[in-house]
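Undergrad: Sending over a structure as structure tokens; questions will come in a sec.
The values are calculated or read from the model by the stated rules, or taken from the named source; none is laboratory data. Because the structure is predicted, anything quoted here is derived from the model rather than measured. No Cβ is skipped: glycine too gets one built from the backbone with ideal geometry, and neighbour counts run over all protein chains shown. Heavy atoms of the whole protein, side chains included, go into the accessibility calculation; ligands, DNA and RNA do not. Shrake-Rupley method; radii C 1.70, N 1.55, O 1.52, S 1.80 Å.
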Amino acid sequence: PVAEIKTYQLISIIHEYIADQLAQDWKLKNLLDDATDKIHILFNELKKRFGSSNQSFQPKIFAETEEEMLALGELNEAYKYIRDTKLARMHYEKAKDLAPNFCDVYFERAWFEFSQSEFDNVQRYMIRAVNLKPQRADLRHRWAIFLEKRHRMQEALEKCQQAVDLEPNNIHFRLTLAHYMMREGRYEEAEKEYLLCRNIWNDNSEQAKEQL
């Protein structure tokens, strides 16, 4: 929610944990059943310690114009009155009127509509948001999570893969993709994603050391 903007502070903890776990002992590739058990153990441990990989860390919203700043104020007002759906929708509409091409207006509206189980509206607002900012990978990732909650797994996988294609070094997106692959029984592909997460983390760690 806009009024409680979250950050990526936990991501580094999750990255390090995955790197440590995967670096310990992953030599079960030739035994699918054992590899599957290993993946489930790792994922369940991640959920226990850090929450589901579906949990999204919402990025800060940056307003670039005066109109977008005013719209952002209306989004905050909408969140304040989230339990009063009529009043919340009024503020969302004001935000849209103020900045009709501000993609986060539609992104936040999709959040609200999802909370109200208005799933057709979720799709409509996510389509609008992505059309306005097609290179925003986080939009596609959030859309994937909306779809997964509706048990539309094939579409969720497609949207999540699009997010990964746009930001291939985003470990959080890859974790979600691996989770969805597991749910669809694509265990070997899920394993590859987890291993990629480890490699990306190691590469980032080496680059950070070089900059010291």
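Undergrad: Within the range 122-129, identify whether any single residue is surrounded by fewer than 19 Cβ atoms within 10 Å (Cβ to Cβ), in a helix (DSSP H, G or I) and touching a Pro at 6+ places or on another chain (Cβ under 9 Å), and answer yes or no.
TA: No; the residues of the range 122-129 include none that is surrounded by fewer than 19 Cβ atoms within 10 Å (Cβ to Cβ), in a helix (DSSP H, G or I) and touching a Pro at 6+ places or on another chain (Cβ under 9 Å).
Undergrad: Still on this structure, I have one more. Can you find a residue in the range 187-210 that is under 15 Å from the mean Cα position of the chain (by Cα) and either hydrophobic (A, V, I, L, M, F, W, C) or more than 30 Å from Met90 (Cβ to Cβ) (or both)?
TA: So far as the range 187-210 goes, no, none of its residues is under 15 Å from the mean Cα position of the chain (by Cα) and either hydrophobic (A, V, I, L, M, F, W, C) or more than 30 Å from Met90 (Cβ to Cβ) (or both).
Undergrad: Just checking, does the range 105-119 include any residue being open to solvent by 10 Å² or more (accessible area, probe 1.4 Å), assigned to a helix (DSSP H, G or I) and among the hydroxyl-bearing types (Ser, Thr, Tyr)?
TA: Looking through the range 105-119, at least one residue is open to solvent by 10 Å² or more (accessible area, probe 1.4 Å), assigned to a helix (DSSP H, G or I) and among the hydroxyl-bearing types (Ser, Thr, Tyr).
Undergrad: Identify the single condition in (1) at pLDDT 95 or above; (2) over 30 Å from Gly185 (Cα atoms); (3) out of contact with any Cys (no Cβ under 9 Å at 6 or more places or on another chain) that Asp104 does not satisfy, given that it satisfies every other one.
TA: (1)
Undergrad: Taking interchain pairs and intrachain pairs at least six residues apart, which have beta carbon atoms under 6 angstrom, with the first residue in the range 154-173 and free of Cβ contacts under 8 Å to residues at least 12 places away in the same chain and the second crowded, with 20+ Cβ neighbours inside 10 Å and assigned to a helix (DSSP H, G or I)?
TA: Glu155/Leu147
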